[in-house]
Amino acid sequence: MKSQTSLLNKGLFSHFSGTIFWLTVVFMAMNIIALPLSLWIVTYDRDLIPGYTMPDNLLFQMSAGQIIIGMIFAVFLAMFLLNYLNDEASSDFMHSLPIKRTAVLTHALMTGFAAITIPLLITAVILLLERIVFIPEIALMEIGKWLLYSIFVNCVIFLISVFAGFLVNGIFLHLQMILLALFLPLALWGLIYGAAAVLFDGISQSFIEHSEPVLNATFPYIAVTQLYSGLDVTLNLVWAIIAAVLLLLSFVLYRYRKNEYVTDSFNYQWLKSALVAVLSTGGMLAMGTAVSLLFIPLSVTISIVGFIIGAIVTYIIAEMLFQKNAKIDMNWKTFLLTLIVIGVFWAIFIPAWSNYTSSVPEASKVDSVYVSSDYEYYTNISIEEYFEDGFLYDNHPRTIQNAVNIHEAAVQEKSVPGNYSGEETAILNIKYKMTDGTVMSRSFSTLKADAPLFADVNNLKNSQYDINSDFLANLKQHPDMIDLILFSGMVNADKSFIDDYKENTDALMSYNPYIVNQTGQVEMSANYKNNYESGFSSIYNSAVLDRIHASDISVSDTLFLDQSSAMYVAEPEQADMADFFTDYHSLNIEELTEKYNLKALSEAEKEETLTAVNNGELAPEGNKLLLFSYPNYTATSEDYAADIDFSIIAIQ
């Protein structure tokens, strides 16, 4: 006679479905609000906006909130379906039924997959109706891709959560295991990186640059970012394989799970000990880093105490969380393992980061280099997407060797971040593109501002016009570009202006590099469908001047010359140009006037100068420089460098 509890038993389906019914209803309702309704609201009045163009991937961009809701739902779905394992009576009853454990788990999984798929299918049908009635711009293929991707993401999270449920007993512990499985690698790496940045100088400012493997191991992160950057088939295939492996392991763990362990917090004591050790290390880094940020300038000993207290406090908290009662069950094996893990961590951490921050590449292995004493404005992603090869980077052998020499000097002169001597410091960023295709980045923030190496940086950047950093000279003709915005929105131009600018860059290379690099740099921007990039280009480029003259504004308007309250003229010799600009960045205007005999312009002379500038009488080939104050400038007793309140333009 066939058992009533055989495979595909209606009673089991009814039990599991009843457990998660209202959770599924809430998920479906939030799905509809997060995507179809939000999409309709966003596009409702698009016909009233002149020139409105709907982004090609609007559906995927709008589905970020829905994807996050789906992942949260998948987590609670697994917790609710497996909650019978956490109660001794429920567990005994379920396992007393004449049905194999694999069949019970199969029913739970099929119920979970149905709870994920059915609400998403209903949402997809609503999107199809919405497309027919309201938003025909959304392609059928996009809706299909969204549906498959949403199901995939939710199922991966669901299977990770199911696997985590067989490691512990208790719904709260189950939630902890899920969060640790999803975010522990990223959190731990962030803490390691943060501690290294506090204790060592010479680490890249870009966290993302060194975190790609860890970010790829954080599924919720890549699930959301792919909505904007495009689907990565290879990466998704890897996660599909991981999910399949976890599914098989779930069956294995369930088959050999012992019912008598239901009263224990962990089914595997070694796992608890390992997690306590790892979390204690993370807590040590978190508190130690926070304390070091505040107290390294006062006492290194206090920072060390901060790391120790962080480890102790986190150890106690972890022990409290990893149990079912208020009593902490201290285990000497766990404590000993924690000490060993912390000791091994520091034995690896200190030499590894010391070697990292002290390593300087061989010049022969460098393809090109970028050296800057300012903050970084561009990411590697934006450089690759929107700019020509070579943007910011110089591949001249002499430049590469000089950059390596500067890097070696920086390694010798750097100190511990925060442990300042009271002297003014400056920033140094060095990026290498290596011959093997990799990128090596180092950032220093503890170097003395008057260190000789910064003079070398200045000479490096002013050996000729810095064409590599010129925004328009390196901008691609990108298909998503809408237009160009010049002078903070005063002048607009189309894509063709990029070619006009590039055709007139050769002349800039013939001028005194200090003049074209230190003066006449004006802001330019590119507006894209889904992005915005900006930078600086030269007003001495004839294409820029022609574009200004073709508009309804003047050159003085773009530079705010007509709002300047103070103007001076300087005429340093060509041989003294380097010293002049060095002093311009360090001396105040009175000291600069006295040293270089600057001439203050009268009101009549200001008017003559404005007229000349508006007529295009700029002269980067000469040595006559106009220093003009920013709008609303008033002389103060503060000892500011001249470059704080004054800009410079070369005139005839």
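For the stretch 353-375, give me the residue count where each residue is surrounded by 12 or more Cβ atoms within 10 Å (Cβ to Cβ) and over 23 Å from Thr435 (Cα atoms).
Going through the stretch 353-375 one residue at a time, the tally reaches 3.
Quick one: would you say Asn405 is of a type in the set (S, T, N, Q) and modelled with pLDDT of 90 or more?
On the way: of a type in the set (S, T, N, Q): yes; modelled with pLDDT of 90 or more: yes.
Yes.
Could you identify the single residue in Ile308, Ile302 that is in a helix (DSSP H, G or I), at pLDDT 90 or above and not assigned by TED's automatic domain parsing to the domain that holds Glu385? Of Ile308, Ile302, the one residue that is in a helix (DSSP H, G or I), at pLDDT 90 or above and not assigned by TED's automatic domain parsing to the domain that holds Glu385 is Ile308.
Residues of the stretch 245-277 that are among the acidic types (Asp, Glu) and surrounded by 13 or more Cβ atoms within 10 Å (Cβ to Cβ): Asp264 alone.
Within the stretch 475-483, is even one residue touching a Gly at 6+ places or on another chain (Cβ under 9 Å), surrounded by 17 or more Cβ atoms within 10 Å (Cβ to Cβ) and either part of a strand (DSSP E or B) or outside the structural domain of Asp394 (by TED's automatic domain parsing) (or both)? For the stretch 475-483, residues touching a Gly at 6+ places or on another chain (Cβ under 9 Å), surrounded by 17 or more Cβ atoms within 10 Å (Cβ to Cβ) and either part of a strand (DSSP E or B) or outside the structural domain of Asp394 (by TED's automatic domain parsing) (or both): present. Considering the stretch 512-585, the qualifying strands (runs of 3 or more DSSP E), each wholly inside and each with 2 or more residues that are under 16 Å from Asn462 (Cα atoms) and of a type outside the set (A, V, I, L, M), run over 532-538. Among the residues making up the stretch 415-428, those that are modelled with pLDDT under 90, open to solvent by less than 50 Å² (accessible area, probe 1.4 Å) and either part of a strand (DSSP E or B) or among the charged types (D, E, K, R) (or both) are Ala426, Ile427. Among the residues of this structure, Ile151 counts as one that is in a helix (DSSP H, G or I), β-branched (Val, Ile, Thr), in the same structural domain as Tyr221 (by TED's automatic domain parsing) and in contact with a Ser or Thr (Cβ under 8 Å, 6 or more places away or on another chain). Residues in the stretch 625-635 that are over 11 Å from Asp562 (Cα atoms) and either surrounded by 19 or more Cβ atoms within 10 Å (Cβ to Cβ) or modelled with pLDDT of 90 or more (or both): Leu625, Leu626, Leu627.
Residue-wise test of (1) in the same structural domain as Glu385 (by TED's automatic domain parsing); (2) at pLDDT 90 or above; (3) open to solvent by 10 Å² or more (accessible area, probe 1.4 Å).
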site: Ile430; (1), (2), (3): yes, yes, no
site: Lys448; (1), (2), (3): yes, no, yes
site: Ala455; (1), (2), (3): yes, no, yes
site: Lys502; (1), (2), (3): no, yes, yes
site: Asp506; (1), (2), (3): no, no, yes
site: Asn530; (1), (2), (3): no, no, yes
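With respect to Ala290, is the statement that it is of a type outside the set (Lys, Arg), open to solvent by 70 Å² or more (accessible area, probe 1.4 Å) and at pLDDT below 90 true? In short, no.
The values are calculated or read from the model by the stated rules, or taken from the named source; none is laboratory data. Being a predicted model, the structure only gives us computed values, none of them experimental. Virtual Cβ from ideal backbone geometry, glycine too; neighbours counted across all protein chains shown. The accessibility values were calculated without ligands, DNA or RNA, using every heavy atom of the protein model including side chains. Shrake-Rupley method; radii C 1.70, N 1.55, O 1.52, S 1.80 Å.
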